[in-house]
Amino acid sequence: GRGPKEGAASGARRGRARAMSPVDEREAQAEVPEIGWSRGCLPKNCTEAFDVADIAEAKLLEGDLHGAVESFGRAIEEESRWPTIWLGRARAKLKAGDPAGAEADCTSAIEMQPGMGEAFSVRSEARDMLGNLAGATSDLSEALRCSPGFAMAWAVRGGMRFRGGDVAGAVEDCTEAIRLDPQCSRAYTYRSMANLQLEKFFEAATDSSKALTGDASLLDSWIARAAAQIQLGLLQNVLSDCARAMRILDGPDGVVAAAGAALTALDPAAAELVARKARARTLELRAGALFRQGDVREACDECNAALELDATRADAVAILGYSKLRQRDFTGAIEYCTGAIKLLQNGSEEPLGDEEVAARSPLQREILARAWAERGQARLALFDYAGARVDAS
């Protein structure tokens, strides 16, 4: 009547607790200070606690998150001084969309066993969801100090460093994760996104392909590879990757694929917004490929669809401007190119200084340069020579 078969590790662990001899007990007591218990204060109900914890782990694997949280809670009631049980409940709470509860449980586990690298890693994810990026990064660094061979921790910290603007640091961490685990799809995904920022488009496409070889459901990798391949001129591949990304977004788990299970459970509205932005980015990339292939009408349709989802997509606005110029609608070209410039210059259309230009990403600089140039051509066609000179400069 125990439900799913229990794992070998948990069975062996529980068996050791049941079969402990007086000699074993003395040896265990000698090790007590390493995990924060007082000498001579071994758990009284460890066997019962492990039994309930095994049931909790099974529920977690089955996706019964609230049942897992409840069962881990019962295990803690049986024996509250076993850090792995606190960590188990933290993992369940995190997946159930309770990052604050997960953070608290990880902290309890760490207080009992300060060198518990996995507890720092799980707490970092919880803190990241709570918006504490500095605390999350610090926890991951501590996790790596405790367990330097933990590949996933390197990959997750790489992702956090990327979001924090440390692109070179992200590449460094993800490269270490890949060295430790050449099949770490998340590390390839984050490194591909960082390489895009560094204008290493071939490397970005290669990393995305490796990530997708390990896990074809990684939405970010399909989008990153499409973004890299449009820069490499592989336009048909871009359209194919965008189609795969849209199939994921249109599927029953599209929001989870875009925003993650934890955020979807914690804040469905925020998760839906992330999914809308991912869809808009995919449509924008598709529009860029179609425009370069000469299919201006369909490119404009995709840009308009993207902007309905996310009005801040500067490349989509710029493509509409370029299209207007080719249709000899010079006034429309000026309007849309100006819109793209303002989006990338925080509402201003005044020329940027050198430092301000350098602060933009390479892809943003490329869009800006072309928007200024195309607007200059439209102004020249309308005999606005002074404005055309400013835009050309």
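The values are calculated or read from the model by the stated rules, or taken from the named source; none is laboratory data. It should be emphasised that the depicted structure is a prediction, and the values quoted were computed from it without experimental measurement. Methodologically, a virtual Cβ is constructed for each residue, glycine included, from the backbone with ideal geometry; neighbour enumeration extends over all protein chains shown. Calculation scope for accessible area: heavy atoms of the full protein, side chains included, ligands and nucleic acids excluded. Shrake-Rupley method; radii C 1.70, N 1.55, O 1.52, S 1.80 Å.
At a glance:
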quantity	calculated
Phi-based couplings in Hz for region 168-177 (Karplus 6.51, -1.76, 1.60; Gly and Pro marked x)	5, x, 5, 4, 4, 5, 5, 5, 5, 4
GLU356 versus VAL274: modelled label distance in nm, points set 7 Å from Cα along the beta carbon direction	3.3
Percent breakdown of C-alpha pair distances by 5 Å bin, ordered from the shortest bin, for region 50-168	2, 14, 21, 21, 19, 13, 6, 2, 1, 0
Solvent-accessible area, 1.4 Å probe, carbon plus sulfur percent, for the chain	51
Cα-derived Rg to Rh of region 145-284, Kirkwood definition	0.97
C-alpha center-to-center spacing [region 329-393, region 60-74] in angstrom	55
Cut-off 12 Å between beta-carbons: net charge of the residues surrounding ALA226, Lys and Arg +1, Asp and Glu -1	+1
Derived scalar couplings ³J(HN,Hα) [region 348-359; Karplus, 6.51 cos²θ - 1.76 cosθ + 1.60; whole Hz; x for Gly, Pro]	9, 10, 6, x, 7, x, 4, 5, 5, 5, 5, 6
With Cα atoms, 0 to 90° folded angle of helix 99-112 axis to the chain main axis	40
Inter-site label distance for ARG179 and ALA373 at 7 Å from Cα along Cβ, in nm	4.0
Two-site label geometry, GLU349 and ALA104: point separation in nm, points 7 Å out along Cα→Cβ	5.4
Expected 222 nm ellipticity per residue - DSSP helices of 4 or more, -39500 (n - 2.57), all of the chain, to 500	-24500 deg cm²/dmol
Backbone HN-Hα couplings from phi across region 134-151 [Karplus 6.51/-1.76/1.60, Hz, Gly and Pro as x]	5, x, 5, 5, 4, 5, 5, 4, 5, 4, 6, 5, 6, 9, x, x, 7, 4
Size of charge dipole - the chain - debye, nearest 20, with Cβ of Lys, Arg +1 and Asp, Glu -1, no other charges	600
Contour excess over end-to-end distance, with Cα ends at GLU62 and ARG74 and 0.36 nm allotted per residue	2.5 nm
Kirkwood hydrodynamic radius of the chain, from inverse mean 1/r over distinct Cα pairs, in Å	23.9
Crossing angle, helix 83-95 versus the chain [Cα axis fit, 0-90 degrees, rounded to tens]	30
Rg [Å, one decimal], Dmax [Å, integer] - region 317-378, C-alpha atoms	11.2, 35
Burial ranking of peptide ranges 346-358, 297-309 (average Cβ count within 10 Å, highest at the top)	297-309, 346-358
Cα long-axis angle, helix 201-214 against the chain (0 to 90 degrees, to the nearest 10)	40
Ellipsoid equivalent to region 54-118 - semi-axes via the Cα gyration tensor, in Å	18, 13, 9
Solvent exposure of the chain as accessible area per residue, Å², 1.4 Å probe	49
